[in-house]
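First up is the structure itself, then whatever we jot down about it.
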Amino acid sequence: MKFMKLGSKPDSFQTDGNDVRIVGTELATDITIHVGEVKFHLHKFPLLSKSGRIQKLLASPTDSASDIHLNDVPGGATSFEICAKFCYGTVVTLNPHNVISTRCAAEYLEMHESVEKSNLVYKIDVFLSTSVFRSWKDSIIALQTMKTLKSWCEDLKLVARCMECIASKASVDVSKVEWSYTYNRKKLVPSVVPKDWWVEDLTEIELDHFKQIIDAIKTKARVSYQVIGEAVKTYTYKRVPGLSKISVIQGDAKVKTLVDTVTWLLPSEKGSVSCSFLLKLLRAACMLRCAEACKKELGKRIGRQLEEASVNDLLIPTIDGEVTIYDIDMVLNIVEEFLMQDNGGIKEMERPGMNFCNTKGTVAKLVDGYLAEVAKDRNMPLSKFLYLAEMIPNESRPVHDGLYRAVDMYLKEHPNISKGEKKKLCSLLDCRRLSPDACAHAVQNERLPLRLVVQVLFHEQSRTSASASVSGGSTRADNSSVVTSYGSSRSAATTTTTEDDSWDGSAPSVEDGEKRHMANGGDLVSSVKVKGNMTPKTILGKILPVKGNGNGVLVSSGSDSSGSPGSGSGSASQVGMAKATPARNVR
């Protein structure tokens, strides 16, 4: 820390109680100056020789010649005492902690060169220019002391000069950093200066000053947007410790202002901060009821890097008065923003190595996981659930296991939905894209409409036959003709739940689905295991009455056939079977 000593005489100021200062000399004092609650018993001549303001006050006929009140001195009694000691030639020490308040007090007392050469204002300005504002840490200390003297410091250009010094040092090449700084966040290789060496020290600065410094650093364009983003994130975590938790302090005006400010302070480039941090900011903005523009801006930024998010990040609680537990509307807006990238308007901003087609698959899995969580909310409207599920392009979901789990969870938590609603919900699923585990669960899941269960069985029977044909060179006699059509389930049959309430199997990744697809000659799966080791053909025989059509192909005669994913024209799919089996009574 830099300091400067002024004067050469011993300190003769004495304290008489807490509120009285007396100069201990042989000459009696002839003037009393009141600064707040403190009385200074001084001599006129030393003050008149240095202070233009004292000269004017003593020359004014309206003021007492021996009793002056200076209640608005910047820095109060402490700063005035330093100025008074300078007038007496007493030794005083200036440092980054007191130099700013003393400079403002000297300005107030008009201790300029016009009154006397080498006056206090001049000496302090030299100290600031040659020492304090050339030191990284001293500049930060000095800037912190300005918050109580804001108007004075701004008028004297002290704030601007100090922040320019800080911004310039933060923008220098790291190879030229030779001063000390605070850095506790990572273990460093000795003598290696990290690119974000300055970030931690700036967390001590007030928000307004921090904003101005970051803006100045951006203007100089010498620091990468990642480092600037790291500075904003570090500052936010330091000032709002609860941001990393589930909730933040509600109703706090300072926190609300900070969230809004840092949102607009973030660099515009994608990836300047993590998606997780942006979602924490958004959660705070919602809970603190920040402006809609702030929340919209955060939603845009999140949408551009949504592939980085986790399901827990997206579980943004609704504010008081809302019906649902989680704010699904916010997530809808974020997903819409993500999908807008496919139009090409933001593609050039993607990070190296990122492929938008791959990220869509990642986001599809993320959305399916989110749907499975919000499906547990009894007040979640089916319309919003369907809208979010349908937003994901079909090609982004090569495997439907995650979506199946979400649909099954919704059926479990909403057992009273109508047949029409169940039909819409189950129409999301494509049985061709279910893994063996999901198929095994689906054929025993009595929450699903019968039509969807049949469709899964038809598809598995078809694939089993096709697989046997490829591996053996010929098909079996009872599978000599297989005709199956595919589509989305339209069944709305109501069912009764069993002890098998939910499917807890982990949804395979997109890559897993693709590997199965290649390993099975083009099919995602080749067989399905069901309870009691029954084959799909056996189960079909138990639940559907069938009859021959004279051509070796058996046609089901189930009545629930309209809009089936397995029927392109409303009739049941045809499946080659050895013989008709008794029909199962279906409630």
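Residues in region 182-190: is at least one over 15 Å from residue 212 (Cβ atoms) and part of a helix (DSSP H, G or I)?
The answer is no; no qualifying residue exists.
Residue by residue, here is whether (1) open to solvent by 20 Å² or more (accessible area, probe 1.4 Å); (2) touching a residue at least 60 places away in the same chain (Cβ under 8 Å); (3) under 30 Å from residue 180 (Cα atoms) holds:
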residue	(1), (2), (3)
83	no, no, no
90	no, yes, no
97	yes, no, yes
105	no, no, no
109	no, no, no
134	yes, no, yes
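Do you know which residues across region 256-296 are in a loop (DSSP other than H, G, I, E, B) and not polar (S, T, N, Q)?
Across region 256-296, the qualifying residues are 266, 267, 269, 270, 271, 273, 288, 289, 290, 291.
Out of all the residues in region 427-458, which are assigned to a helix (DSSP H, G or I) and open to solvent by 10 Å² or more (accessible area, probe 1.4 Å)?
The answer is 432, 433, 436, 437, 440, 441, 450, 451, 453.
I'm checking my understanding of the structure. Among residues of region 122-132 that are free of Cβ contacts under 8 Å to residues at least 40 places away in the same chain and open to solvent by less than 10 Å² (accessible area, probe 1.4 Å), which one is nearest to residue 83 (Cα to Cα)? Let's see the steps before the verdict.
Residues of region 122-132 free of Cβ contacts under 8 Å to residues at least 40 places away in the same chain: 122, 124-126, 128-130.
With the extra rule that they be open to solvent by less than 10 Å² (accessible area, probe 1.4 Å), the set shrinks to 124, 128.
Numbers: 124: 11, 128: 17 Å.
The qualifying residue nearest to residue 83 (Cα to Cα) is 124.
Within region 231-255, which residues are at pLDDT 80 or above and either among the basic types (Lys, Arg) or buried (at least 20 other Cβ atoms within 10 Å of the Cβ) (or both)?
Across region 231-255, the qualifying residues are 231, 232, 233, 235, 236, 238, 239, 240, 243, 254, 255.
Given the conditions (1) of a type in the set (Ser, Thr, Tyr); (2) open to solvent by 30 Å² or more (accessible area, probe 1.4 Å); (3) touching a helix residue (DSSP H, G or I) at 6+ places or on another chain (Cβ under 7 Å), report the number of the one that residue 79 does not fulfil.
All conditions are met except number (2).
Kindly indicate whether residue 206 is open to solvent by 70 Å² or more (accessible area, probe 1.4 Å) and touching a residue at least 60 places away in the same chain (Cβ under 8 Å). Lay out the reasoning, then the answer.
Numbers: open to solvent by 70 Å² or more (accessible area, probe 1.4 Å): yes; touching a residue at least 60 places away in the same chain (Cβ under 8 Å): yes.
When the stated conditions are applied, residue 206 passes them.
Considering only residues that are at pLDDT 95 or above, open to solvent by 30 Å² or more (accessible area, probe 1.4 Å) and among the polar types (S, T, N, Q), which ones fall in region 136-150?
Within region 136-150, 144, 145 qualify.
So, in region 13-57, how many residues would count as being over 25 Å from residue 104 (Cβ atoms) and among the hydroxyl-bearing types (Ser, Thr, Tyr)?
2
Taking the residues in region 186-203 that are in contact (Cβ under 8 Å) with a residue 24 or more places away in the chain and of a type outside the set (Asp, Glu) as candidates, determine which candidate is surrounded by the fewest Cβ atoms within 10 Å (Cβ to Cβ).
The selected residue is 195.
Return yes when residue 289 is out of contact with any Cys (no Cβ under 8 Å at 6 or more places or on another chain), of a type in the set (Lys, Arg) and closer than 26 Å to residue 363 by Cβ and no when it is not. So that I can check it myself, show each step before the final result.
Values: out of contact with any Cys (no Cβ under 8 Å at 6 or more places or on another chain): yes; of a type in the set (Lys, Arg): yes; closer than 26 Å to residue 363 by Cβ: no.
No; evaluated as a whole, the condition is false for this residue.
Output the residues belonging to region 191-217 that are part of a loop (DSSP other than H, G, I, E, B), within 29 Å of the chain's Cα centre (by Cα) and not aliphatic (A, V, I, L, M).
194, 195, 196, 197, 198, 200, 206, listed by residue number.
Under the condition of being touching an Asp or Glu at 6+ places or on another chain (Cβ under 9 Å) and open to solvent by 10 Å² or more (accessible area, probe 1.4 Å), which residue from region 53-68 is modelled with the lowest pLDDT?
Ranking the candidates gives 65 first.
Output the qualifying pairs, or none if there are none: Cβ atoms under 8 angstrom, residues six or more apart or on different chains, first residue in region 225-254 and more than 14 Å from residue 198 (Cβ to Cβ) and among the hydrophobic types (A, V, I, L, M, F, W, C), second residue crowded, with 17+ Cβ neighbours inside 10 Å and modelled with pLDDT under 85.
Hits for this filter: 240/248.
Need at least 3 residues that are over 30 Å from residue 140 (Cβ atoms) per element, so show me which strands (runs of 3 or more DSSP E) inside region 1-86 make the cut, counting only ones lying wholly within it. Break it down stepwise before answering.
Working: elements: 4-6, 13-15, 20-23, 31-35, 38-42, 67-69.
The strands (runs of 3 or more DSSP E) meeting that bar are 13-15, 20-23, 31-35, 38-42, 67-69.
Take the residues in region 1-33 that are among the polar types (S, T, N, Q) and without any contact (Cβ under 8 Å) to a residue 40 or more places away in the chain, then tell me which one is most open to solvent (accessible area, probe 1.4 Å).
Only one residue fits best here, namely 18.
Which residue is modelled with the highest pLDDT, if the candidates are limited to region 34-52 and must be open to solvent by 70 Å² or more (accessible area, probe 1.4 Å) and under 56 Å from the mean Cα position of the chain (by Cα)? Outline the logic, then answer.
Going residue by residue through region 34-52, those that are open to solvent by 70 Å² or more (accessible area, probe 1.4 Å) are 37, 39, 45.
If we keep only those that are under 56 Å from the mean Cα position of the chain (by Cα) as well, we get 37, 39.
Numbers: 37: 92, 39: 95.
Checking each candidate, the answer is 39.
Checking residue 73 against (1) open to solvent by less than 60 Å² (accessible area, probe 1.4 Å); (2) over 48 Å from the mean Cα position of the chain (by Cα); (3) of a type outside the set (Asp, Glu), which test does it fail?
Here residue 73 clears every test but (2).
Residue 157 fails exactly one of the following numbered conditions: (1) farther than 19 Å from residue 70 by Cβ; (2) open to solvent by less than 60 Å² (accessible area, probe 1.4 Å); (3) not hydrophobic (A, V, I, L, M, F, W, C). What is the number of that condition?
Only one criterion is unmet by residue 157, namely (2).
The values are calculated or read from the model by the stated rules, or taken from the named source; none is laboratory data. Just so you know, these numbers come straight off a predicted model, no measurement behind them. FYI the Cβ positions are ideal-geometry reconstructions off the backbone, even for glycines, and counts take in every protein chain you see. Ligands, DNA and RNA are stripped out before the accessible areas are found, and what is left, the full protein with its side chains, is counted by its heavy atoms. Shrake-Rupley method; radii C 1.70, N 1.55, O 1.52, S 1.80 Å.
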